[in-house]
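Data block below; observations after.
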Amino acid sequence: MEEANKQQTKRNTKSVRSYGFLIIIPFLLPLFFIGRTFGWWQNEFVARGYVIGIESNGKVYELAHGGAFAFSKTYVRDKKVFLKAGTGTVCFISALAEHHYQLNSERTTNPFFQGTVTFTNSDDQSEFHCQEDRKYIDATSYYTVNNVFNRKGRLLLAYSTDDDAPKSLRKTQLIKTIINQGMSSRSGGSVSDVKDPYIDISAIFEQFFHKKITYSVDEKKKIIRLIL
(Lines give C-alpha, C1' and ligand atoms only; values in the text may rest on other atoms or scores of the structure.)
Protein backbone atom coordinates (compact mmCIF):
# COMPACT_ATOMS: atom_id res chain seq x y z
CA MET A 1 0.00 0.00 0.00
CA GLU A 2 2.82 2.35 0.93
CA GLU A 3 4.63 1.59 -2.33
CA ALA A 4 1.47 2.34 -4.32
CA ASN A 5 1.15 5.71 -2.60
CA LYS A 6 4.74 6.56 -3.48
CA GLN A 7 4.12 5.72 -7.14
CA GLN A 8 0.96 7.81 -7.16
CA THR A 9 2.82 10.73 -5.58
CA LYS A 10 5.49 10.52 -8.30
CA ARG A 11 2.83 10.49 -11.02
CA ASN A 12 1.13 13.50 -9.45
CA THR A 13 4.47 15.38 -9.29
CA LYS A 14 5.16 14.68 -12.97
CA SER A 15 1.67 15.84 -13.89
CA VAL A 16 2.13 19.10 -11.98
CA ARG A 17 5.50 19.71 -13.67
CA SER A 18 4.06 18.98 -17.13
CA TYR A 19 1.12 21.27 -16.47
CA GLY A 20 3.44 23.99 -15.25
CA PHE A 21 5.56 23.66 -18.39
CA LEU A 22 2.48 23.98 -20.60
CA ILE A 23 1.56 27.18 -18.77
CA ILE A 24 5.05 28.65 -19.34
CA ILE A 25 5.21 27.85 -23.09
CA PRO A 26 2.93 30.74 -24.23
CA PHE A 27 5.23 33.15 -22.37
CA LEU A 28 8.46 31.61 -23.72
CA LEU A 29 7.50 31.72 -27.40
CA PRO A 30 7.24 35.55 -27.63
CA LEU A 31 10.52 35.80 -25.72
CA PHE A 32 12.17 33.47 -28.23
CA PHE A 33 11.03 35.51 -31.24
CA ILE A 34 11.92 38.83 -29.60
CA GLY A 35 15.34 37.44 -28.73
CA ARG A 36 15.88 36.27 -32.31
CA THR A 37 14.96 39.69 -33.73
CA PHE A 38 17.47 41.36 -31.41
CA GLY A 39 20.14 38.76 -32.13
CA TRP A 40 20.26 37.32 -28.61
CA TRP A 41 20.70 33.77 -29.86
CA GLN A 42 23.59 34.42 -32.26
CA ASN A 43 27.28 34.93 -31.52
CA GLU A 44 27.66 38.00 -33.76
CA PHE A 45 26.39 41.56 -33.83
CA VAL A 46 26.06 43.95 -36.76
CA ALA A 47 28.05 47.10 -35.96
CA ARG A 48 25.22 49.49 -36.74
CA GLY A 49 25.68 52.61 -34.61
CA TYR A 50 29.50 52.35 -34.65
CA VAL A 51 32.18 53.79 -36.91
CA ILE A 52 34.99 51.50 -38.06
CA GLY A 53 38.57 52.71 -37.99
CA ILE A 54 42.02 51.29 -38.74
CA GLU A 55 44.48 51.58 -35.86
CA SER A 56 48.10 52.32 -36.72
CA ASN A 57 50.88 53.52 -34.42
CA GLY A 58 48.45 54.54 -31.74
CA LYS A 59 46.26 56.57 -34.11
CA VAL A 60 42.86 55.68 -35.52
CA TYR A 61 41.87 56.46 -39.10
CA GLU A 62 38.23 56.56 -40.18
CA LEU A 63 37.31 53.74 -42.55
CA ALA A 64 33.53 53.35 -42.79
CA HIS A 65 30.25 53.33 -40.92
CA GLY A 66 29.69 50.06 -39.17
CA GLY A 67 26.48 48.81 -40.78
CA ALA A 68 28.39 46.75 -43.36
CA PHE A 69 30.51 45.04 -40.69
CA ALA A 70 29.71 42.40 -38.08
CA PHE A 71 31.80 41.14 -35.18
CA SER A 72 31.83 38.35 -32.63
CA LYS A 73 30.31 39.19 -29.26
CA THR A 74 32.54 39.71 -26.26
CA TYR A 75 32.00 36.22 -24.77
CA VAL A 76 33.17 34.43 -27.95
CA ARG A 77 36.73 33.15 -27.56
CA ASP A 78 37.62 32.86 -31.26
CA LYS A 79 36.61 36.36 -32.32
CA LYS A 80 35.89 37.03 -35.99
CA VAL A 81 35.31 40.00 -38.28
CA PHE A 82 32.68 39.87 -41.05
CA LEU A 83 31.81 42.08 -44.01
CA LYS A 84 28.46 42.11 -45.79
CA ALA A 85 28.72 40.01 -48.93
CA GLY A 86 28.38 41.76 -52.25
CA THR A 87 30.17 42.57 -55.47
CA GLY A 88 33.90 43.01 -54.89
CA THR A 89 33.71 42.26 -51.16
CA VAL A 90 36.64 39.83 -51.26
CA CYS A 91 38.74 42.28 -53.29
CA PHE A 92 38.05 44.91 -50.64
CA ILE A 93 39.20 42.42 -48.01
CA SER A 94 42.29 41.73 -50.14
CA ALA A 95 43.09 45.45 -50.20
CA LEU A 96 42.89 45.50 -46.40
CA ALA A 97 45.13 42.45 -46.04
CA GLU A 98 47.71 43.71 -48.55
CA HIS A 99 47.61 47.28 -47.18
CA HIS A 100 46.60 48.78 -50.50
CA TYR A 101 45.49 51.98 -48.85
CA GLN A 102 46.88 55.23 -47.54
CA LEU A 103 46.42 56.67 -44.07
CA ASN A 104 45.80 60.38 -44.48
CA SER A 105 47.02 62.11 -41.35
CA GLU A 106 45.04 65.30 -41.78
CA ARG A 107 42.26 65.72 -39.27
CA THR A 108 38.76 64.90 -40.39
CA THR A 109 35.59 66.68 -39.41
CA ASN A 110 35.15 63.88 -36.88
CA PRO A 111 37.30 64.78 -33.86
CA PHE A 112 37.51 61.14 -32.70
CA PHE A 113 39.78 60.19 -35.62
CA GLN A 114 43.26 61.31 -36.60
CA GLY A 115 42.68 60.96 -40.33
CA THR A 116 40.98 58.97 -43.06
CA VAL A 117 41.65 55.86 -45.14
CA THR A 118 42.00 56.11 -48.93
CA PHE A 119 42.31 52.96 -51.03
CA THR A 120 44.82 52.94 -53.87
CA ASN A 121 44.24 51.58 -57.37
CA SER A 122 46.50 48.53 -57.27
CA ASP A 123 44.71 45.87 -59.32
CA ASP A 124 47.96 44.82 -60.97
CA GLN A 125 49.56 44.13 -57.58
CA SER A 126 46.57 42.53 -55.91
CA GLU A 127 46.54 38.85 -55.07
CA PHE A 128 42.90 38.61 -56.15
CA HIS A 129 40.87 39.48 -59.21
CA CYS A 130 37.11 39.79 -58.79
CA GLN A 131 34.65 39.18 -61.61
CA GLU A 132 30.87 39.33 -61.69
CA ASP A 133 28.93 36.95 -63.97
CA ARG A 134 25.25 36.56 -64.75
CA LYS A 135 23.73 33.10 -64.84
CA TYR A 136 20.40 33.07 -66.65
CA ILE A 137 17.58 30.90 -65.34
CA ASP A 138 15.34 31.70 -68.30
CA ALA A 139 15.05 34.54 -70.80
CA THR A 140 13.80 37.03 -68.20
CA SER A 141 15.56 36.16 -64.94
CA TYR A 142 19.09 35.53 -63.75
CA TYR A 143 21.26 35.48 -60.65
CA THR A 144 24.68 37.05 -60.16
CA VAL A 145 27.79 35.08 -59.26
CA ASN A 146 30.81 36.80 -57.72
CA ASN A 147 33.99 34.96 -58.74
CA VAL A 148 37.36 35.45 -57.09
CA PHE A 149 40.52 34.39 -58.96
CA ASN A 150 44.18 34.44 -58.01
CA ARG A 151 46.80 36.06 -60.25
CA LYS A 152 47.25 32.79 -62.15
CA GLY A 153 43.57 32.72 -63.06
CA ARG A 154 42.65 29.91 -60.66
CA LEU A 155 39.16 30.16 -59.21
CA LEU A 156 39.42 30.50 -55.43
CA LEU A 157 35.87 31.33 -54.45
CA ALA A 158 32.46 31.72 -56.06
CA TYR A 159 29.43 33.01 -54.20
CA SER A 160 26.08 34.67 -54.75
CA THR A 161 23.75 36.67 -52.54
CA ASP A 162 20.72 36.18 -54.80
CA ASP A 163 17.87 34.03 -53.56
CA ASP A 164 17.55 32.33 -56.97
CA ALA A 165 21.15 31.12 -56.92
CA PRO A 166 21.91 27.49 -56.05
CA LYS A 167 22.39 26.77 -52.37
CA SER A 168 26.02 25.77 -53.03
CA LEU A 169 26.75 29.40 -53.99
CA ARG A 170 24.74 30.98 -51.17
CA LYS A 171 25.92 28.69 -48.36
CA THR A 172 29.71 28.41 -48.43
CA GLN A 173 32.17 27.94 -45.58
CA LEU A 174 33.19 31.59 -45.83
CA ILE A 175 29.66 33.03 -45.76
CA LYS A 176 27.52 33.29 -42.64
CA THR A 177 23.95 34.57 -42.40
CA ILE A 178 23.73 37.14 -39.60
CA ILE A 179 20.61 38.80 -38.20
CA ASN A 180 20.76 42.59 -38.18
CA GLN A 181 19.66 42.94 -34.58
CA GLY A 182 16.64 45.14 -33.91
CA MET A 183 15.73 45.39 -37.60
CA SER A 184 12.64 43.87 -39.20
CA SER A 185 11.01 43.93 -42.62
CA ARG A 186 7.37 43.78 -43.67
CA SER A 187 6.08 41.90 -46.69
CA GLY A 188 2.46 41.05 -47.42
CA GLY A 189 1.36 41.87 -43.91
CA SER A 190 3.97 39.62 -42.25
CA VAL A 191 7.03 40.74 -40.31
CA SER A 192 10.39 38.98 -40.55
CA ASP A 193 13.93 39.43 -39.26
CA VAL A 194 16.48 41.20 -41.43
CA LYS A 195 19.14 38.60 -42.27
CA ASP A 196 22.07 39.19 -44.59
CA PRO A 197 25.02 37.09 -45.80
CA TYR A 198 28.39 38.17 -44.42
CA ILE A 199 31.85 37.04 -45.55
CA ASP A 200 34.25 35.88 -42.86
CA ILE A 201 37.13 38.39 -43.12
CA SER A 202 39.13 36.57 -40.45
CA ALA A 203 38.99 33.31 -42.43
CA ILE A 204 40.02 35.09 -45.67
CA PHE A 205 42.99 36.68 -43.87
CA GLU A 206 44.14 33.36 -42.44
CA GLN A 207 43.39 31.12 -45.43
CA PHE A 208 44.73 33.28 -48.26
CA PHE A 209 47.16 35.69 -46.61
CA HIS A 210 48.32 33.81 -43.49
CA LYS A 211 47.56 36.88 -41.41
CA LYS A 212 45.30 37.70 -38.49
CA ILE A 213 42.89 40.58 -38.01
CA THR A 214 41.83 41.66 -34.54
CA TYR A 215 39.69 44.47 -33.19
CA SER A 216 38.77 46.41 -30.10
CA VAL A 217 35.44 48.03 -29.24
CA ASP A 218 35.22 51.44 -27.60
CA GLU A 219 31.65 51.63 -26.33
CA LYS A 220 32.03 55.15 -25.04
CA LYS A 221 33.24 56.61 -28.35
CA LYS A 222 31.26 54.13 -30.49
CA ILE A 223 34.39 53.20 -32.43
CA ILE A 224 35.55 49.72 -33.46
CA ARG A 225 39.27 49.67 -34.24
CA LEU A 226 40.63 47.15 -36.75
CA ILE A 227 44.17 46.05 -36.03
CA LEU A 228 45.77 44.66 -39.17
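The values are calculated or read from the model by the stated rules, or taken from the named source; none is laboratory data. Keep in mind the model is a prediction, meaning the values are calculated, not measured. Positions of Cβ are generated from backbone atoms using ideal geometry, with glycine treated the same way; all protein chains shown enter the neighbour counts. The protein model used for the area step is the full one, side chains on, heavy atoms only, and it has no ligands, DNA or RNA in it. Shrake-Rupley method; radii C 1.70, N 1.55, O 1.52, S 1.80 Å.
Of all residues in segment 197-228, those satisfying the criterion of being out of contact with any helix residue (DSSP H, G or I) (no Cβ under 6 Å at 6 or more places or on another chain), under 15 Å from residue 85 (Cβ atoms) and either polar (S, T, N, Q) or open to solvent by less than 30 Å² (accessible area, probe 1.4 Å) (or both) are 198, 200, 202, 203. Do the conditions hold for residue 95, that is, is it at pLDDT 95 or above, surrounded by 15 or more Cβ atoms within 10 Å (Cβ to Cβ), of a type outside the set (Ser, Thr, Tyr) and outside any loop (DSSP other than H, G, I, E, B)? The answer is no for residue 95. Every listed requirement among (1) of a type in the set (Val, Ile, Thr); (2) at pLDDT below 90; (3) farther than 30 Å from residue 61 by Cβ is met by residue 194 save one, (3).
Note on segment 162-178: residues that are at pLDDT 90 or above and either over 22 Å from residue 70 (Cα atoms) or β-branched (Val, Ile, Thr) (or both) total 8. Residues of segment 133-155 that are of a type outside the set (A, V, I, L, M, F, W, C), surrounded by 11 or more Cβ atoms within 10 Å (Cβ to Cβ) and within 25 Å of residue 198 (Cβ to Cβ): 133, 135, 142, 143, 144, 146, 147, 150. Against the list (1) under 20 Å from residue 83 (Cα atoms); (2) touching a Ser or Thr at 6+ places or on another chain (Cβ under 9 Å), the condition residue 164 fails is (1). Where strands (runs of 3 or more DSSP E) fall entirely within segment 41-89, those with at least 2 residues that are more than 26 Å from residue 163 (Cα to Cα) are at 51-56, 59-65.
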